[in-house]
Amino acid sequence: MNDGDFMRVAIALARRGRPSPNPYVGAVIVREGRVIGQGWHERCGELHAERHALANCTESPAGATLYVTLEPCCHQGRQPPCTSAILEAGIKRVVIGSPDPNPLASGKGIKILRENGVEVTENLLRAECDALNPVFFHYIRTKCPYVVMKYAMTLDGKIATHTGASRWITGEAARHRVHEDRNRSAAIMAGVGTVLADDPLLTCRMEGGHNPVRVICDSRLRTPLESRIVRTAQKVWTILAVCESVSEKAAAYEAAGCEVWTLPEKEGHIDLTALMERLGAVEIDSVLLEGGGTLNWSMLEAGLVQRVQAYIAPKLFGGTAKTPVQGNGVELPEQAFRLTGIHLTQIGEDILLEGEVAANVYGNH
């Protein structure tokens, strides 16, 4: 096995964790072509991958090579710095995939290792290592969650029939994939229009799955007290984001178990940027946006969407039914929100098209 092979093992190990809001990191310790230790960052607050690998060594790591998907940390956080553990263990060489994305820390861990005589190889399989952590990279730089706008539509771009019926547009396999994404997301967000139309639960219905925090954008606090969202708020962390003008109505919702967040008003609705900042402040690093067309447009217009997932069913509804992104839309074709890094996946009869939202000239985004 060569350096690339060992780094691919570290990448596979990284995916075993659930470290939000920390990064996915895997580590492998190798001596004379043999793996003598491996680890990954399991949960936030638990051992980092490097320390986990060192703890699992089957023999002394002195003189060995460490492969790690992300630059080792050099600061005291919930865990002590990994650079100290590497030096104390006598590791001779460190091979790194991704650099630290934090501008205040990037390169410092590498510098410390080199100053102490450790040979460092950088950027091995960087693209693959970077792909582990788009959420963390965005969150550590912006202090706001990484937002994935997800919707299901027919081949003619409809998210419901003209009567408003929308269950089900996609097949069972695609819906299962959505629950896998909910399981990986810190929060799921929808607008009050979705609550009024569908009375959804917005939970993860996978066996052993994790329920994301539910965030409802409800400027005028119109969510019914008898809705399933409110009735299950004692069991699932639920946030209702409202404008200041309706804060006097909050008591009944709080008594039911909801958190009611009062936010500044912008153009008649809650300030979505302020909402993202507040979610980031409580370490919610990712949001799966399952809103209707109005909320989807508002999030795009505000420059708050990082990725789009469009599930496309081989069906045609026709008529004047709603589309995934409503609002005013852009004025000219060249102002379109464009996706990069497009990836297509067939899931049953349906197609998942996804990609990153590129910089856009609309509204100076």
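The values are calculated or read from the model by the stated rules, or taken from the named source; none is laboratory data. No experiment lies behind these values; they were computed from the predicted model shown. Reconstructed Cβ throughout: ideal geometry from the backbone, glycine too, with neighbour counts over all protein chains shown. Surface areas here come from the heavy atoms of the whole protein model, side chains and all, with no ligands, DNA or RNA. Shrake-Rupley method; radii C 1.70, N 1.55, O 1.52, S 1.80 Å.
Quick notes on this structure:
- Condition check for residue 345: out of contact with any Cys (no Cβ under 8 Å at 6 or more places or on another chain), over 30 Å from residue 243 (Cβ atoms) and of a type in the set (S, T, N, Q): yes
Rundown of residues vs (1) more than 28 Å from residue 338 (Cα to Cα); (2) under 27 Å from the mean Cα position of the chain (by Cα); (3) not acidic (Asp, Glu), yes/no style:
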site: 86; (1), (2), (3): yes, no, yes
site: 97; (1), (2), (3): yes, yes, yes
site: 115; (1), (2), (3): yes, no, no
site: 119; (1), (2), (3): yes, no, no
site: 157; (1), (2), (3): no, yes, yes
site: 176; (1), (2), (3): no, yes, yes
site: 192; (1), (2), (3): no, yes, yes
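- Within the range 207-235, being open to solvent by less than 60 Å² (accessible area, probe 1.4 Å) and hydrophobic (A, V, I, L, M, F, W, C) holds for 213, 215, 216, 217, 221, 229, 230, 233.
- A search for C-beta distances below 8 Å between a residue of the range 236-248 that is closer than 7 Å to residue 262 by Cα and outside any strand (DSSP E or B) and any residue that is of a type outside the set (Gly, Ala, Ser) and open to solvent by 10 Å² or more (accessible area, probe 1.4 Å), counting only pairs 6+ apart in sequence or on different chains, returns 244/262; 244/264; 244/265; 247/260; 247/262.
- For the range 141-180, the set of residues classified as in contact (Cβ under 8 Å) with a residue 40 or more places away in the chain, surrounded by 15 or more Cβ atoms within 10 Å (Cβ to Cβ) and part of a helix (DSSP H, G or I) consists of 174, 177, 178, listed by residue number.
- The set of residues from the range 249-269 being in a loop (DSSP other than H, G, I, E, B) and of a type in the set (Val, Ile, Thr) is empty.
- Qualifying residue in the range 281-288 (condition: open to solvent by 20 Å² or more (accessible area, probe 1.4 Å), under 17 Å from the mean Cα position of the chain (by Cα) and either of a type outside the set (Gly, Ala, Ser) or more than 30 Å from residue 259 (Cα to Cα) (or both)): yes
- Residue list for the range 109-140, restricted to those being of a type outside the set (Phe, Trp, Tyr) and within 23 Å of residue 298 (Cβ to Cβ): 134, 135, 138
- When we screen 278, 182, 231 for residues that are basic (Lys, Arg), modelled with pLDDT of 95 or more and touching a strand residue (DSSP E or B) at 6+ places or on another chain (Cβ under 7 Å), the only hit is 278.
- Taking the listed residues 27, 105, 89, 49, the one that is in contact (Cβ under 8 Å) with a residue 12 or more places away in the chain, farther than 22 Å from residue 132 by Cα and surrounded by 15 or more Cβ atoms within 10 Å (Cβ to Cβ) is 89, with no other qualifying.
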